[in-house]
Amino acid sequence: MQCAKILDLSKLSGIVEYLPEELYIKVKACTPIAEIEETLKKNNQQLAFEPIDFGYIVSSKSNKGTAAGYLSCNFSGSRR
């Protein structure tokens, strides 16, 4: 695909602050849900909701999306 401009959102991704003992995590908007889950798993924690993985519908691999995507679409999954 050819395009005249490229929009780089890479600086909007990442974990800003994580306090496992307080059950608190602050992330940037474009942080992948998979990255958040991986960080939480290291401390035996998980999200309070179950992210829906639409990646298998569109392609043959997992893609749970981003923090902003879940917030904007109000997806919470079956666990909530």
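Brief remarks on what is shown
- Formal net charge of residues neighbouring Leu19 (Cβ-Cβ distance under 14 Å; K, R +1; D, E -1): -1
- Residue of Tyr70, Tyr18, Tyr56 that the Gaussian network model of the chain assigns the largest fluctuation, springs spanning Cα pairs under 10 Å: Tyr56
- Cα gyration tensor category, rounded, prolate or oblate, for the chain with a/c compared to 1.5: oblate
- Within a Gaussian network of the chain (alpha carbon springs, distance under 10 Å), most fluctuating of Ile15, Ile36, Ile25: Ile25
- Loop-resident trypsin sites (Lys or Arg not before Pro) (DSSP state other than H, G, I, E or B) in the range 2-39 with no more than 11 further Cβ atoms inside 10 Å of their Cβ: Lys5.
All of the numbers you see were taken from the coordinates with simple rules; none came from a lab. Quantities reported herein were computed from a predicted structural model and do not represent experimental measurements. Virtual Cβ from ideal backbone geometry, glycine too; neighbours counted across all protein chains shown.
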